[in-house]
Amino acid sequence: MTAVFLSIFILLIIVFAFLFEFRQRRPDQIVLADVQGKIIKRKARFYPRHFSLAVPATLHSMDMEFESEARGKLPVKIKLTISTAADDAHLTELVRAGGWNSALVQKASKELGLFVQALTGGFCQALEIEELSSKDLQDFLQTNLIKEAQKLGLKLLGVNVQLIEPLDSEIAEAMQQQEAARIREKTEKVNQKARLEASRFRFETDEKIRRMEHELRLKQLELQKTEQQREAELSRYQVEQELERRRLQMELEKEELKIFEQHPELILLSPQIARLAEASQQLKNAKTVVSLTGGDLQKGINVLEIIEQTLQKVLQKKTT
């Protein structure tokens, strides 16, 4: 029984010692340990609190407001914010800069703030007061603070310059007026450029419209010329057809005349003679000149008499 109680007592001591000494690492913590003079990061879930240091692994932001001098000893006011965090790759430097305590990140960040003031002073003294700009200073600090932060065991997450302005109100007002004039000048240039672009676009549009109208007129003239050529060809074809018809009619009339010369009696069957006879009956006193032979050209006689004479000539020819 004594051995059992002793075992239980030893077990309870071990449990209490574990509960008293060991702590669970939170996700927002970095647990540091000193192993042979080198700072390492514990990765286990539980760690001994008296042999380790738990520091926050969260983002640490620090607002800074200080004065510096531009070229010519002109004082300027600067406000900025730097964001840092513990750098896992430089834990030894972090402990050396911030000490072995849970606030070592904040202390190392304050040390980094001194470098910020020194770098800002050198940047401002190299420029005229009107040449200073928040963006240029921010880019300068962002580039040059990375190595300085690593020396302190910190990881530089960002620099934001909020304000950089002269302390002298008159100089500040003059710079504001100068900036306002520059903005107005820039705005005027933009407006003039916009007007120029609008005029150029309008000119190009008008030129394009004129070119298209000219091309349209050329096409219309080409179509008109083509139509005129077609009309001329059609007229020429109609004239040629009319000439051909008249030529055929003349040849037909020549053939009829030859037949009438050979057979004069056929003229009595001609519809023209019938119409002349009918017209002579309706107009009793009318005289019609009819040329059957060359000797009748100067005689004005009645159509019925012509028909009678023609019949007599035909009968004489038959009797002979």
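The values are calculated or read from the model by the stated rules, or taken from the named source; none is laboratory data. Quick caveat, the model's predicted, so the values are computed rather than measured. Methodologically, a virtual Cβ is constructed for each residue, glycine included, from the backbone with ideal geometry; neighbour enumeration extends over all protein chains shown. Accessible surface is based on the protein model in full, side chains and every heavy atom, while ligands, DNA and RNA are left aside. Shrake-Rupley method; radii C 1.70, N 1.55, O 1.52, S 1.80 Å.
Numbers for the structure displayed
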| read-out | value |
| --- | --- |
| Check on residue 74, surrounded by 15 or more Cβ atoms within 10 Å (Cβ to Cβ), closer than 15 Å to residue 152 by Cα and not β-branched (Val, Ile, Thr) | no |
| Output for the range 137-185, where each listed residue is of a type in the set (Asp, Glu) and more than 23 Å from residue 67 (Cβ to Cβ) | 185 |
| All positions within the range 77-91 that are surrounded by 15 or more Cβ atoms within 10 Å (Cβ to Cβ), touching a strand residue (DSSP E or B) at 6+ places or on another chain (Cβ under 7 Å) and assigned to a helix (DSSP H, G or I) | 91 |
| Selection status of residue 219, open to solvent by 100 Å² or more (accessible area, probe 1.4 Å), in the same structural domain as residue 82 (by the TED database) and basic (Lys, Arg) | no |
| Residue match in the range 161-177 (condition: within 30 Å of residue 97 (Cα to Cα), surrounded by 15 or more Cβ atoms within 10 Å (Cβ to Cβ) and of a type outside the set (Ser, Thr, Tyr)) | yes |
| Looking only at the range 1-55, and only at residues there that are of a type outside the set (A, V, I, L, M) and open to solvent by less than 50 Å² (accessible area, probe 1.4 Å), the one that is modelled with the lowest pLDDT | 21 |
| Which listed residue, of 58, 120, is out of contact with any Leu (no Cβ under 8 Å at 6 or more places or on another chain) and not in a strand (DSSP E or B) | 58 |
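Conditions (1) at negative phi; (2) free of Cβ contacts under 8 Å to residues at least 40 places away in the same chain; (3) of a type in the set (D, E, K, R), marked per residue:
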{"position": "150", "(1), (2), (3)": "yes, no, no"}
{"position": "161", "(1), (2), (3)": "yes, no, no"}
{"position": "170", "(1), (2), (3)": "yes, yes, yes"}
{"position": "187", "(1), (2), (3)": "yes, yes, no"}
{"position": "205", "(1), (2), (3)": "yes, yes, no"}
{"position": "219", "(1), (2), (3)": "yes, yes, yes"}
